[in-house]
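The values are calculated or read from the model by the stated rules, or taken from the named source; none is laboratory data. Just so you know, these numbers come straight off a predicted model, no measurement behind them. For neighbour counting, all protein chains shown are included, and Cβ atoms are generated from backbone atoms with ideal geometry for every residue, glycine included. The area values use the complete protein model at the heavy-atom level, side chains included, leaving out ligands, DNA and RNA. Shrake-Rupley method; radii C 1.70, N 1.55, O 1.52, S 1.80 Å.
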Amino acid sequence: MRIGVLTGGGDCPGLNAVIRAIVRKGVDTHGHEFVGFKYGWAGVLNQDTTPLTRDTTRGILHRGGTILGSSRTNVYKVEDGLNKVKAAMEAQGLDALIPIGGEDTLGVAGKLHEDGIPVVGVPKTIDNDLNATDFTFGFQTAVQIATDAIDRLHTTAESHNRVLVCEVMGRHAGWLAVASGIAGGADVVLIPEFPLTVERCADLIRQRHTRDKDFSIVVVSEGWPLTREEGAEALSTTTGERDAFGHVRLGGVGQQLADLLEQITGFETRVTTLGHLQRGGTPTAYDRILATRYGLLAADLALEKRFGLMTALRGTEVIPAPLDDAVKELRTVPREYYALAEAFFG
Ligand code: F6P
């Protein structure tokens, strides 16, 4: 078989590990040939390709980012997009596509499957918000990066008796905030799913400062709507623009929160926004292993012509799951998981 591979959406650590595993398993065990498409679906539409062989995928297991490049291109927002994908497949002599992506890239993959294109998906995102899988690779690395940052914020917060607000990514799901908040020992964690008010957050910090603690760490998810007693404000965005999937660029709520906390409590407050640091650099061992397992299974599913599926983690097993299940709704933080962080508030 000849198979096209692409990485779409925001990059995350582990993408190269998947590409390496798909190619190695496909070439060695199944005798497949591979073509890489550059910059996600844009590369398919423009037929911008690069060879994917044992040689070109050597030495990339530990490297962050993606050797294929990525973009947020929506095939169904481009004129004649579907026909362009069909034309690319024909011109490249492809039997299948393996897109590696999050809700948007896999959403396109699901529609393409319905439109007769043979696809096998692989789920990635630091947000961990895809249904049908317990974890996406990239998430654990981002949690580790945020946890290391929170550890560092602790020592400087303590030295200066300050409140430090740490804004993390995650879009409309609070997984990153809760996981790094639990691991980093945050004193308050604010997420979109269970939005505490600024006033409640201020109370929790005051309460802590009456117990011989003169510093606090607040982790806030970029998708937490600034919530006051009188109600929630619109999400904070860095620009009003929307991408091809209709997403606004979130960011900035940490600073708004820090200003209000200082005003209400009188405690000196600073903010750190982790931003794209959370997506860069080498994947953790956990993510390298998960990405490798996903890649190996994806190569097998393509050979078996089991299209319309994606790889998924359930418990400790890596299994095939319907692509549709992954994207039909966002996987958000359940109450009992948030409660693990809440037990340490204030
Ligand atoms: O979906 C992954 C993610 O990193 C989100 O957490 C974040 O909101 C968004 O991508 C940032 O996107 P961009 O790379 O376009 O700045």
For PRO51, the lone unmet condition from (1) within 16 Å of the ligand (Cβ to nearest atom); (2) open to solvent by 30 Å² or more (accessible area, probe 1.4 Å) is (1)
Residue list for the stretch 275-298, filter: within 17 Å of the chain's Cα centre (by Cα), surrounded by fewer than 22 Cβ atoms within 10 Å (Cβ to Cβ) and either among the charged types (D, E, K, R) or under 19 Å from LEU226 (Cα atoms) (or both)
GLY275, ARG279
Select, from ILE145, ILE100, ILE126, the only residue that is open to solvent by 20 Å² or more (accessible area, probe 1.4 Å), within 16 Å of the ligand (Cβ to nearest atom) and of a type in the set (A, V, I, L, M).
ILE145
When you check VAL163 against the structure, is it over 28 Å from GLY64 (Cα atoms) and buried (at least 24 other Cβ atoms within 10 Å of the Cβ), yes or no?
yes
Single residue of PHE267, PHE245 found to be surrounded by 17 or more Cβ atoms within 10 Å (Cβ to Cβ), within 16 Å of the ligand (Cβ to nearest atom) and not aliphatic (A, V, I, L, M)
PHE245
Taking GLY251 and the conditions (1) on the phi < 0 side of the Ramachandran plot; (2) of a type outside the set (S, T, N, Q); (3) within 12 Å of the ligand (Cβ to nearest atom), which numbered condition does it fall short on, given that it satisfies the others?
(1)
Restricting to the stretch 201-228, count the residues that are assigned to a loop (DSSP other than H, G, I, E, B), away from the ligand (no atom under 16 Å from the Cβ) and modelled with pLDDT of 95 or more.
2
When you scan the stretch 103-116, how many residues do you find that are without any contact (Cβ under 8 Å) to a residue 60 or more places away in the chain and open to solvent by less than 20 Å² (accessible area, probe 1.4 Å)?
1
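A quick yes/no check of all residues on (1) within 18 Å of LEU226 (Cβ to Cβ); (2) touching a helix residue (DSSP H, G or I) at 6+ places or on another chain (Cβ under 6 Å):
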{"site": "THR147", "(1), (2)": "no, yes"}
{"site": "ARG162", "(1), (2)": "no, no"}
{"site": "VAL165", "(1), (2)": "yes, yes"}
{"site": "VAL168", "(1), (2)": "yes, yes"}
{"site": "GLY184", "(1), (2)": "no, yes"}
{"site": "THR210", "(1), (2)": "no, no"}
Residue under evaluation VAL189, criteria (1) part of a helix (DSSP H, G or I); (2) more than 15 Å from the ligand (Cβ to nearest atom), criterion not met
(1)
Would you tally the residues in the stretch 1-46 being open to solvent by 30 Å² or more (accessible area, probe 1.4 Å) and in a strand (DSSP E or B)?
2
Which residue pairs have Cβ atoms closer than 7 Å, lie 6 or more positions apart in sequence or on different chains, and pair a first residue in the stretch 266-293 that is basic (Lys, Arg) with a second residue that is open to solvent by 40 Å² or more (accessible area, probe 1.4 Å) and within 15 Å of the ligand (Cβ to nearest atom)?
ARG279/ASP11
Of all residues making up the stretch 299-343, the number that are of a type in the set (Asp, Glu) and surrounded by fewer than 16 Cβ atoms within 10 Å (Cβ to Cβ)
4
